[in-house]
Each structure stands twice: as structure tokens, then as C-alpha cells.
């Protein structure tokens, strides 16, 4: 795969990664980016070849990261990532950290427990196929398996938002999902914090969904501060706004794996 940015800023970011790989941070979302989207989130697994590609990239670059709304331990399990040196997984939008097979996680805020009790009650009349995913620090309402997933999503949006407000949580919209999670942390804040920790001269982030826009914002902020950056979109028909803002668009998780492999080959 020939990695070429369609923007000058993205090309500058790729060039800096190749010029100073030891000071580069390359980060990825999990679902829809490293793993194909599936009807049941418990069935999600990393794209074939993803773990091997990430392990090889981590040998040649400053830091490889996964920033996901999933619990970090779940992403590690579903991605077959255990034992990869140089990889950090920031779960729950950065509230959790897994590195060197060690997990750091805070206690969930009380609003999550409140929402856990009340959410099933407000979904009693939801269309068939709507399910709740309990992430420990967050709760996700999935409508993908409903007969009309978009209609179900819009029908529930106001109810979920009202519950989030009463519980002191925020709503993170996504691909046929509404997630109630604690405020104060998002993928952009997690990315910026990790870049500062690593002293990164270049940062690449790949994502596919609305929750990844915060990371795109962070890339643009870092550029303004003199850090080279690359925004990568794992494309889908369900969300197009990321492709409109991306420096580089690849064909879903298979394209992301090819991108990782190409980046690694450029660093030899």
C-alpha cells in the first residue's frame, strides 16, 4: 500500500513520523478501525493480521496506542494484544490504562450505577432488537439489531439524553449507538495527554466514528503548537464526516492493517 496524504499537513505528519520514528505516536480506535463492526459488540474481534502488524510497528516507533470507549481489558482480549511491547491501551475514553499486561482503572462515578438501574426501565418500550452494553464505566444503547435502527436511535435519543443529564453523565453518539459515560475525558484529551507524556514530534490517529472527532480536533490543536499530525479515516457508509476531515482515507479495518504494515515497511 502506498501511503499518500491528500493534504499538505498530513504529508508533513507522515514525513515527520518517518524522519523521527522514536518521537512518533501512532494511535487507533478499536471498533470500526482495528475491528470490523458487528451486530453484537461481544462478537467483535480485531481484523486478521492486526495484532501482528501492531506488534511489528511497535518495534520501530516511539509509542503505539489504542484509544477506545471499551474497557481496556476487553480491547486487549478481543484484539489479541496481550504481550505486545510498546503498546498502550487507553480504555473508557482514557479513564483506564493497560500497558505491559498491567491494568490501571479508577472506580466508576456514582452516576453510572444510577443509570445502570434506570436505563432498562426507560427502554421497556424500546423497539425489539435494542440492547444495552454494560462497559463498567459506561452504558451503551445499541440499535443496530432493531428492524429500523436509525428510527430507533432517534426515538431513544431524547430519553437517553435526559437520563444522562439526571445522572451527571454525557451522551456519546456513534454508529447506531448512544453511550452514557462520565464527563471530563474524551479521545482527544487522552491523545493529547499521551502525546505530552511521550514528547511526541508527530502524532497519527485513525478512527471511524463520531467519538473520534475529538481526537481529530486534538491533532489540529497539536499542529498549531508545532507537532506534526495525521488524521486517518477508516471509512464506512454509516459515518462520512470523518472522511471529510481526514488527511488519509482507508478502506475500513483491512485498509487500516495495510496502512500499519506500510508504515512499518517505510521505517526499515
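Every number in this text was worked out from the coordinates using simple rules, so none of it is lab data. Everything numeric in this text was worked out from a predicted model, so none of it was measured. As a convention, Cβ positions derive from the backbone with ideal geometry for all residues, glycine included, and neighbour counts pool all protein chains shown.
Across the chain, C-alpha contacts under 8 Å between residues 6 or more apart give a mean separation that, scaled by the residue count, equals a relative contact order of 24 percent.
By the count of neighbouring beta-carbon atoms within 10 Å, fewest first, 30, 176 end up ordered 176, 30. Available extension along the chain between residue 116 and residue 8 is 34.3 nm, counting 0.36 nm per residue and deducting the alpha carbon span.
Among beta bridges identified by DSSP and lying wholly in the chain, the antiparallel ones come to about 45 percent.
Comparing Cα centroids, the range 254-268 and the range 85-145 end up 31 angstrom apart.
Helix 187-198 and the long axis of the chain differ in direction by around 40°, with both axes built from C-alpha atoms. Computed over the range 83-238, relative contact order equals 17 percent, with contacts defined as Cα pairs under 8 Å that lie 6+ residues apart. Take the alpha carbon gyration tensor of the range 132-248, find the square roots of its eigenvalues, order them as a ≥ b ≥ c, and report rounded if a/c is under 1.5; if not, report prolate when a/b exceeds b/c, else oblate. Taking the square roots of the gyration eigenvalues as a ≥ b ≥ c, the range 132-248 is oblate. The alpha carbon centroids of the range 152-186 and the range 11-74 are separated by 26 Å. Compared with the dominant Cα axis of the chain, that is its longest principal axis, helix 252-267 is turned about 20°.
Short-range pairs are left out: with C-alpha atoms under 8 Å and at least six residues apart, the relative contact order of the range 170-268 is 21 percent. Taking springs between alpha-carbon atoms closer than 10 angstrom, which of 118, 187, 18 fluctuates most in the Gaussian network model of the chain? Top of the fluctuation ranking is 118. Listing 135, 231 from fewest to most neighbouring C-beta atoms within 10 Å gives 135, 231. The angle between the Cα long axis of helix 213-224 and the longest principal axis of the Cα atoms of the chain comes to about 30 degrees, rounded to the nearest 10. Once you sort the root eigenvalues of the Cα gyration tensor of the range 118-200 as a ≥ b ≥ c, which label holds: rounded (a/c under 1.5), prolate (a/b larger than b/c) or oblate (the other case)? Prolate is the answer for the range 118-200, as a/c is 1.5 or above and a/b outweighs b/c.
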